[in-house]
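Peer 1: Here's a structure for you.
The values are calculated or read from the model by the stated rules, or taken from the named source; none is laboratory data. Given the structure is predicted, the values throughout are model-derived calculations rather than measurements. Here the Cβ positions follow ideal geometry from the backbone for every residue, glycine too, while neighbour counts run over all protein chains shown.
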Amino acid sequence: MAILECRGLTKRYGATPALDAIDLTVEPGGIVGLLGPNGSGKTTLIKLANGLLVPDSGEILINGKKPGYETKSIVSYLPERPYFSDWMRTEQLLDLFVDFYPDFDRQRAEEMLHHMNIQPKQRIKEMSKGMREKVQLILVMSRRAKLYLLDEPIGGVDPATRDYILQTIISNYDPEASVIISTHLISDVENVLDDVIFLSYGHILMHKTVDEIRMTEGKSVDAVFREVFRCL
């Protein structure tokens, strides 16, 4: 069974379609890049998959079910922007995830936070932007989920932080689970991807494996991406 399936999925903001009758199937296992320029519909698709938006027409299914209460237990979601309150301490964030998610591995999260020298009593407001994003990703990736939805996890952080974030993603998900990474920073994530989806103005332009792109095009995913979107 597909971990994510879209059938004629459409979502509009006013008269403008963010997603226009797309069909998409993502099978379990592997890391998928949801790639496209800003405004291409990436965040809308991720929010629909997480049940934060409702389709105007068509449907989206997570492990065969419509997004809702049942799918919350199998989806771990990283929003585009950190959402924790500034006054919260690291240990309070751990308590929060323990309370909300039975699959949360607190020990794994504590080990990664310790590796980053983030103290249990440290408050969010005392952290840099990059540090906040690391904390949020650690919490998200410490769940034993079937599907991880990561919206721009490396946007706006320095190269060293990007490397750490990508390594955290690779090292902390079950190979039978799926990771969908939304980004426009192709060169930074290309080496960790198994499949890619090119999205533009609400339409899917391409859905192929990274190996297939390299074999048929003789180029990197980043090079193909630049060619495709230069022509639009």
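Peer 1: If you take the residues of segment 81-98 that are farther than 14 Å from Ser142 by Cα and among the acidic types (Asp, Glu), which of them is modelled with the highest pLDDT?
Peer 2: By that ranking, first place goes to Glu91.
Peer 1: To continue, here is another question. Condition first: assigned to a helix (DSSP H, G or I) and among the hydrophobic types (A, V, I, L, M, F, W, C). Now tell me which residues in segment 157-180 satisfy that.
Peer 2: Selection gives Ala160, Ile165, Leu166, Ile169, Ile170.
Peer 1: Could I ask something else about it? Thr44: in contact with a Pro (Cβ under 9 Å, 6 or more places away or on another chain) and not charged (D, E, K, R), yes or no?
Peer 2: Judged against the criteria, Thr44 is not a match.
Peer 1: May I ask you to verify whether Thr25 is in contact with a Lys or Arg (Cβ under 6 Å, 6 or more places away or on another chain), hydroxyl-bearing (Ser, Thr, Tyr) and touching a residue at least 12 places away in the same chain (Cβ under 8 Å)?
Peer 2: So Thr25 does not fit the description; no.
Peer 1: For segment 190-200, which positions are over 15 Å from Met141 (Cβ atoms) and assigned to a helix (DSSP H, G or I)?
Peer 2: Glu190, Asn191, listed by residue number.
Peer 1: Take the residues in segment 99-121 that are closer than 10 Å to Arg143 by Cα and not charged (D, E, K, R); name whichever of them is surrounded by the most Cβ atoms within 10 Å (Cβ to Cβ). Give the steps one after another, and end with the answer.
Peer 2: Step one: of segment 99-121, the residues closer than 10 Å to Arg143 by Cα are 101-106, 108-109.
Now narrow it down to the ones that are not charged (D, E, K, R): 101-102, 104, 109.
Values: Tyr101: 18, Pro102: 9, Phe104: 20, Ala109: 23.
Looking at the filtered set, the residue picked out is Ala109.
Peer 1: Within 18 Å of Ile180 (Cβ to Cβ), of a type in the set (Asp, Glu) and within 19 Å of the chain's Cα centre (by Cα): is that true of Glu59 in this structure?
Peer 2: When the stated conditions are applied, Glu59 does not pass them.
Peer 1: Still on this structure: Report, by residue number, each residue of segment 62-91 that is of a type in the set (Lys, Arg) and under 13 Å from the mean Cα position of the chain (by Cα).
Peer 2: Step one: filter segment 62-91 for residues of a type in the set (Lys, Arg), giving 65-66, 72, 81, 89.
Within segment 62-91, just Arg81 meets the criteria.
Peer 1: Examine segment 166-185 for a residue that is more than 20 Å from Pro28 (Cβ to Cβ) and either touching a Ser or Thr at 6+ places or on another chain (Cβ under 6 Å) or surrounded by 22 or more Cβ atoms within 10 Å (Cβ to Cβ) (or both), and state whether such a residue exists.
Peer 2: No; the residues of segment 166-185 include none that is more than 20 Å from Pro28 (Cβ to Cβ) and either touching a Ser or Thr at 6+ places or on another chain (Cβ under 6 Å) or surrounded by 22 or more Cβ atoms within 10 Å (Cβ to Cβ) (or both).
Peer 1: Still on this structure, please answer the following. Among the residues of segment 20-31, are any surrounded by 14 or more Cβ atoms within 10 Å (Cβ to Cβ), out of contact with any Cys (no Cβ under 6 Å at 6 or more places or on another chain) and farther than 25 Å from Ala177 by Cβ?
Peer 2: Within segment 20-31, one or more residues are surrounded by 14 or more Cβ atoms within 10 Å (Cβ to Cβ), out of contact with any Cys (no Cβ under 6 Å at 6 or more places or on another chain) and farther than 25 Å from Ala177 by Cβ.
Residue-wise test of (1) over 30 Å from Gly8 (Cα atoms); (2) modelled with pLDDT of 90 or more; (3) touching a strand residue (DSSP E or B) at 6+ places or on another chain (Cβ under 9 Å).
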residue	(1), (2), (3)
Asp151	no, yes, yes
Gly155	no, no, yes
Ser171	yes, no, no
Ser187	yes, no, no
Asp195	no, yes, yes
Phe198	no, yes, yes
Met206	no, yes, yes
